[in-house]
1. Report, by chain and number, residues whose modeled amide H sits under 5 Å from the one on Leu45, excluding near sequence neighbours (fewer than 5 apart, same chain).
2. Measure nothing fancy, just the Cα-based angle from helix 250-259's long axis to the longest principal axis of the chain, in degrees from 0 to 90, nearest 10.
3. Anyone know which of Arg188, Arg34, Arg101 comes out most mobile in the 10 Å Cα GNM of the chain?
4. Going through the cross-link list Lys148/Lys204; Lys172/Lys253; Lys62/Lys204; Lys62/Lys117; Lys77/Lys135, which pairs have a Cα-Cα distance over 31 Å in this structure?
5. Near Phe56, within a Cβ-to-Cβ distance under 11 Å, what is the net charge of the other residues, with Lys and Arg +1 and Asp and Glu -1?
6. Determine the per residue accessible area of the chain with all protein chains present and a 1.4 angstrom probe, expressed in square angstrom.
7. Given 0.36 nm per residue, what is the gain on full extension from Tyr59 to Lys82 after removing their alpha carbon distance, in nm?
8. Between helix 67-78 and the chain, what is the angle of the helix's C-alpha long axis to the longest principal axis, kept within 0 to 90° and rounded to the nearest 10?
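The values are calculated or read from the model by the stated rules, or taken from the named source; none is laboratory data. If you're wondering where the values come from, they're calculated on a predicted model, not measured in any experiment. Positions of Cβ are backbone-derived with ideal geometry, glycine not excepted, and every protein chain shown enters the neighbour counts. The area values use the complete protein model at the heavy-atom level, side chains included, leaving out ligands, DNA and RNA. Shrake-Rupley method; radii C 1.70, N 1.55, O 1.52, S 1.80 Å.
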Amino acid sequence: MTPPTPSRKASLPRMAAWLTAALTLTAIASAAPRTLAQIQTAGTLRLATEAAFPPFNFYQQKALAGFEVDLGNAIGKALNLKVEWVVQPFDGLLIGLNQGRYDAVMASHAITPERQKAVDFLNPHYCSTVNIVAKKGGPLTRAALAGKTVGTQIGTAQIPILQAIPKIGGVKTFPNDPAVLTALQSGRVDAWSSNGPVVAYMLKQTGQQKNILIGEIISNERNAGAVARNNTALRAALNTTLARLMSDGTYLKISQQWFGQDIRCK
């Protein structure tokens with residue numbers, strides 16, 4: 001924010017209003033993440049997600065839905081807390097977490113050493129593959145990507161994996177997977193790389209299973225929620241609750257509903 005330029009016309013009330021706004025923005029940006037005790041006192045658990053990663057988190061008509069949404073709601077219920085969902089783009093989720101904008105993130109973040117330096121991950125709530133995807137007759141293996149452009153979502157763990165593939169033509173990022181699928185269909189990219197279950201779901205929903213194929217696995221991911229660094233008590237409470245849901249049948253019921261199978265890490 002740039003302060004108004006001092007002049008004879010700059011009134012004291014205007015300057016005071018600018019100063020108040022600046023201080024408010026600073027306070028918001030530097031707000032400390034809530035502790036477990038503060039969350040329990042408030043009676044609410046603020047969870048953040050992307051809402052553009054079906055079937056894990058997405059809008060179904062106008063309602064937030066998906067495996068992670070149902071799991072997050074179940075965690076809140078088990079803790080006797082009302083869940084309040086916050087939606088924002090994937091690449092800003094972990095930044096907002098450490099700024100105290102919400103209490104935890106559930107948005108299919110793969111656990112990586114780089115991310116572990118920024119946040120404290122919960123125990124993984126599912127494991128998945130990352131695949132190369134292309135139109136029929138297109139590049140479906142690492143070798144076939146020579147000279148080809150691959151589209152993927154910005155901020156994802158597969159970007160450096162793709163960039164390391166020998167002779168790959170290039171990696172182009174998009175805001176979310178639906179945007180990558182559109183780019184693949186229109187020929188703006190030659191291939192798409194994403195979470196295997198997400199691709200399978202999206203192709204089924206769009207009726208593209210015969211035209212677009214899922215190819216080689218390029219990585220395996222352990223995906224987890226996260227809390228801000230050193231929010232130890234909250235992390236312990238969420239992990240304990242997740243373990244309880246995995247043992248009492250709640251997790252299996254949710255997983256079967258969305259995938260027809262148990263997707264927890266084996």
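1. Those lying under 5 Å, H to H, from Leu45 are Lys82, Val83, Glu84.
2. Once rounded, one gets 50 degrees.
3. Among Arg188, Arg34, Arg101, the largest mean-square fluctuation in the Gaussian network model of the chain belongs to Arg188.
4. On the way: Lys148/Lys204 25 Å; Lys172/Lys253 37 Å; Lys62/Lys204 20 Å; Lys62/Lys117 35 Å; Lys77/Lys135 42 Å.
With Cα atoms farther than 31 Å apart: Lys172/Lys253; Lys62/Lys117; Lys77/Lys135.
5. Values: positive: none; negative: Glu50, Glu68, Asp70, Asp177.
So the surrounding residues net to -4.
6. Using a 1.4 Å probe on heavy atoms only, each residue of the chain averages 50 Å².
7. 6.3 nm
8. 50 degrees
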